[in-house]
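Down below is the structure, laid out as structure tokens.
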Amino acid sequence: MTGVQTCALPISYIEQVKRILSGDSRDGKRFISGSMGRERQRCREALAAAAAGQRVALVSSGDPGVYGMAGLLLEMAGDTPVAIAPGVTAAQLAAARLGAPLMNDYITLSLSDLLTPRDEVLRRAEAAAAADMVVCLYNPASRKRRPLFEAVCAILRRHRADETVVGWVRNAGGPGEEAAIINLGELPGAGIDMRCLVIVGNSHTRIVDGRMVTSRGYERKQETGGGV
């Protein structure tokens, strides 16, 4: 890690990295903060530092390849070599807190329409709901985007019973983490915000000893003798 320059981190990430790189491991390193909405500028700064001979770590939330900055950086990198270090996605972390809701096929859906048009978000929600897939909702609701969250809830409720099991985790893996298991009918009024990750179960999701569990189908395998 000697000589690594850490570029364009949101403030909370800077503090986390500083705690990890304590003492001598921080010598010679610079920490440059960025802000939401300046992703291209953050990539340009990191690539410019790399072109100047620095070793650079560009940090984004969760897994950089899942709603993070890995894709944008690769699009802009040209001949600059880029190594991607995977992290734990919010869906996986939240699922572990809630139980085992991702035991079968699932979809992640971001409700941010800043980069994806609203109509496209709604089409994807309709397809996922109709396919009876477990749905993980990222960026579910801000003050400005509350109507989109409510529209997606309505789509899910057209395809699934209000008793469908739903779990949410706020600040997953961070200070003040909260989690709850509710049902789909309660979701629109559950106080969901941008710090939450919501997992909407499918027709095979149940509550088992207070945990959210989606059946993989092992009971059918036992009955039929079929493979996994």
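The values are calculated or read from the model by the stated rules, or taken from the named source; none is laboratory data. Remember, predicted model here, so these are calculated numbers, not experimental data. No Cβ is skipped: glycine too gets one built from the backbone with ideal geometry, and neighbour counts run over all protein chains shown. Accessible surface areas use protein heavy atoms only, side chains included; no ligands, DNA or RNA. Shrake-Rupley method; radii C 1.70, N 1.55, O 1.52, S 1.80 Å.
Each residue was assigned an accessible area with a 1.4 Å probe, and for Val88 the value is about 90 Å².
Per-residue accessible area (protein heavy atoms, 1.4 Å probe) orders Val66, Val200 as Val66, Val200, starting from the largest. For the chain, the relative contact order works out to 17 percent when only alpha carbon pairs closer than 8 Å and six or more residues apart are counted. For the options Leu102, Leu148, Leu74, a Gaussian network treatment of the chain with springs between C-alpha atoms closer than 10 Å singles out Leu74 as fluctuating the most.
When Asp105, Asp113 are compared by accessible area at a 1.4 angstrom probe, the order from most to least is Asp105, Asp113.
Along the chain, the longest continuous region that contains none of the trypsin sites (Lys or Arg not before Pro) in a DSSP loop with at most 12 other C-beta atoms within 10 Å is 39-142. Hey, in the GNM for the chain with a 10 angstrom Cα cutoff, which one of Tyr106, Tyr67, Tyr13 fluctuates hardest? Of Tyr106, Tyr67, Tyr13, the Gaussian network model singles out Tyr13 as fluctuating most.
DSSP bridge analysis restricted to the chain gives an antiparallel fraction near 60%, rounded to the nearest 5. For the residues Glu186, Glu163, Glu75, a GNM of the chain with alpha-carbon springs under 10 Å puts the largest fluctuation on Glu75. The charge dipole of the chain, taken about its Cα centre with unit charges on the Cβ atoms of Lys, Arg (+1), Asp and Glu (-1) only, comes to about 460 debye. Labels on offer are [x] -0.24, -1.50, -1.63; [y] -0.23, -1.33, -1.44; [z] -0.29, -1.18, -1.26, and the one holding log10 I(q)/I(0) by the Debye sum over Cα atoms at q = 0.07, 0.17, 0.18 Å⁻¹ computed from this structure is [z].
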